[in-house]
Amino acid sequence: MLKPPQWGYWYECWTEDLTEQRGSTLLASFDAYSAPQADRWVAVALRTISPAPDADASDKAWEWLYEGRIETRRALVRAEPRTVSLPHAQTRITWTIRPALFLPLAHRQTAELPACAYNFKPRPAE
């Protein structure tokens, strides 16, 4: 029996090297099933960065932890996406949280993948 779709939040952490002309790089992504769980990921990361020697980055991290987190959680409860961005040394770190509908995966009875699964090839890393 399939489970019904479940509402939650999709969280991504992107980094961008500010000294290069390349785009952003996806560092991590997570699924969360409540607004508190979703904003907790950002809070943990910001607490890790906050003691950094860069005073501006530290101030911005604590500002979000004390004020921005409340607004972020309220927005998530209203099903609105949120972005938190912070420069740190030569890098900009951006966290995004957006509402998502998670669909359950069909259970496979055998170890063999369906034929269509082999149509998708991974792209080589740049």
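Please report the net charge: other residues with Cβ closer than 13 Å to the Cβ of ARG92, K and R +1, D and E -1.
On the way: positive: ARG22, LYS60; negative: GLU16, ASP17, GLU20, ASP54, ASP56.
Cβ neighbours under 13 Å give a net charge of -3.
List the GluC sites (Glu not before Pro) in the range 1-43 that DSSP assigns to loop (not H, G, I, E or B) and whose Cβ has at most 12 other Cβ atoms within 10 Å. Which are they? Don't skip to the end; give the middle numbers.
On the way: sites: GLU12, GLU16, GLU20; in loops: GLU20.
Taking the range 1-43 and a limit of 12 other Cβ atoms within 10 Å, the loop GluC sites (Glu not before Pro) found are GLU20.
So how much slack lies between LEU27 and ARG47, counting 0.36 nm per residue of separation and subtracting their Cα-Cα distance, in nm? Walk me through the intermediate numbers first.
Details: separation 20, 0.36 × 20 = 7.20 nm, distance 1.74 nm.
That pair, LEU27 and ARG47, stretches by 5.5 nm at full extension.
If packing is taken as the average number of other Cβ atoms within 10 Å across a peptide's residues, how do 77-89, 21-33 rank, most packed first? Display every interim value, and only then the final one.
On the way: 77-89: 14.9, 21-33: 11.5.
Top of the packing list down: 77-89, 21-33.
Can you give the accessible area per residue of the range 18-67, in Å², using a 1.4 Å probe?
Details: 3230 Å² over 50 residues.
Counting only protein heavy atoms, the per-residue value for the range 18-67 is 65 Å².
Kindly identify the range 1-77 as rounded, prolate or oblate by the Cα gyration tensor criterion: order the square roots of the eigenvalues as a ≥ b ≥ c, call it rounded if a/c is under 1.5, otherwise compare a/b with b/c, prolate if a/b is larger, else oblate.
Numbers: a/c = 2.86, a/b = 1.47, b/c = 1.95.
Verdict is oblate for the range 1-77.
The values are calculated or read from the model by the stated rules, or taken from the named source; none is laboratory data. As the structure is a prediction and not an experimental result, all values here were calculated from the model. All Cβ positions, even for glycine, are placed from backbone atoms using ideal geometry, and neighbour counts span all protein chains on display. The accessibility values were calculated without ligands, DNA or RNA, using every heavy atom of the protein model including side chains. Shrake-Rupley method; radii C 1.70, N 1.55, O 1.52, S 1.80 Å.
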